[in-house]
Amino acid sequence: MKFNICGKGDLKLIKSLKKYGFSSFELYLSKVNDLSSLNTSKLTSKIISVHNPKYVIISKNLEKFNIIDKKEIGNKSFESLRKLYLFSRKKRIPNIVLHNANFDSYKFTKKQMLDLLINRLNKLGTKVNICIENDAYWLNQEGNNRCLIDSYKDLLYIIKKTKSNIKICFDIEHLYLTVIFNVFRKTSINSKLPEAEIEIKEFILNNEKKVINKINETYKEFIKNLVDFIFIIHLCGTDYYNYFFNPINKLPFIGEHLPLNYFGKSYNKNVMDRLNLKFLIDILKKTKKQKNKKINIVLEIGTNPYYNYLKEMKKSKDNLVSCIKSSII
């Protein structure tokens, strides 16, 4: 299996990353209108994927993109996705990453919402891959804001009922969050913020081996069942001891979107990357299917006031390259 290591960011950040040795990128959009800046950019040919916009505009207000909302936000989100599809087809950008699908689990079932998503996806063409990203099931993603896609079975269900261009963006950190929360929920179902964050950390500290074994087991299940469809992997360092909302703007979590092999400060807290990178790469390289397959690994490291982002991106890329080379599988 071959890997193409990519950077991620808006157009300004991508230009900076190019100076640090990155040659392929995933473009991050705030709004679909931001695509206009690409019309005259020479970087278009370097973009392997575009992430769906973070927001849609409704009555001059910014609303969070949500492809399965049943009202105007959902319609606007699909309209933005359609515009992004047409633009990507025109500019020969091969992949779109589709994320952000949430629903009210008190009113609708997951199957109802999956079928709504499938219906909308089947209205698009097949010239650009739509890479669906697994979400993070967590305290802020349940109840009336339940994330839709948090297991490999959800993704398989979508793939079986959609066109051939539906692929997968496998987010490793989202898997960590989801597995930890699912295991924790079996012991505590009534905890609310902010107490639940502390309870989760205490649970991990007391059950770390059990939690990591479950993460590794789930990771293997994802690869075994979905490797044929994985075109993109989102990868970063992660500190599951510090999945706390950050004090500045809540997301990302203090221990989320870290540089690979990082040890230092994040939002004034001591953190370290606890991702078992070698295990992840070894499992991918062991896969007998698709031996000649190329996967785009997008380093999804967050900007942070406590480290030099561009230098840490370069270090992370070097660490990943070294890990891939040292894997003898």
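Where a number appears in this text, it was derived from the coordinates with a stated rule and is not lab data. Note that the structure is predicted; figures quoted are calculated from it, not measured. FYI the Cβ positions are ideal-geometry reconstructions off the backbone, even for glycines, and counts take in every protein chain you see.
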- For segment 38-61, which residues satisfy the criterion of being farther than 17 Å from residue 169 by Cβ and surrounded by 13 or more Cβ atoms within 10 Å (Cβ to Cβ)? 38, 41, 43, 44, 46, 55, 56, 57, 58
- Scanning segment 236-285 for residues that are touching an Asp or Glu at 6+ places or on another chain (Cβ under 6 Å) and polar (S, T, N, Q), which turns out nearest to residue 323 (Cα to Cα)? 261
- Message: Within segment 212-220, does at least one residue satisfy the condition of being in contact with a helix residue (DSSP H, G or I) (Cβ under 7 Å, 6 or more places away or on another chain) and of a type in the set (A, V, I, L, M, F, W, C)?
- Response: yes
- Query: How about segment 59-118: which of its residues are aliphatic (A, V, I, L, M), out of contact with any strand residue (DSSP E or B) (no Cβ under 8 Å at 6 or more places or on another chain) and touching a residue at least 12 places away in the same chain (Cβ under 8 Å)?
  - Reply: 114, 116, 117, 118
- Query: Is it true that some residue in segment 298-318 is over 20 Å from residue 13 (Cβ atoms) and either in contact with a Lys or Arg (Cβ under 7 Å, 6 or more places away or on another chain) or assigned to a strand (DSSP E or B) (or both)?
  - Reply: no
- Query: Among the residues of segment 62-83 satisfying the criterion of being of a type in the set (A, V, I, L, M, F, W, C) and touching a helix residue (DSSP H, G or I) at 6+ places or on another chain (Cβ under 6 Å), which is surrounded by the most Cβ atoms within 10 Å (Cβ to Cβ)?
  - Reply: 65
- Could you tell me which residue of segment 84-125 is farthest from residue 164 (Cα to Cα), considering only residues that are crowded, with 16+ Cβ neighbours inside 10 Å and among the aromatic types (Phe, Trp, Tyr)? 103
- Message: Being charged (D, E, K, R) and touching a Lys or Arg at 6+ places or on another chain (Cβ under 8 Å) is true for just one of 91, 71, 31. Which residue is that?
- Response: 31
- Give segment 131-190 a look and list any residue that's part of a strand (DSSP E or B), more than 14 Å from residue 219 (Cβ to Cβ) and in contact with a Leu (Cβ under 9 Å, 6 or more places away or on another chain), or say none. 131, 132, 133, 166, 169
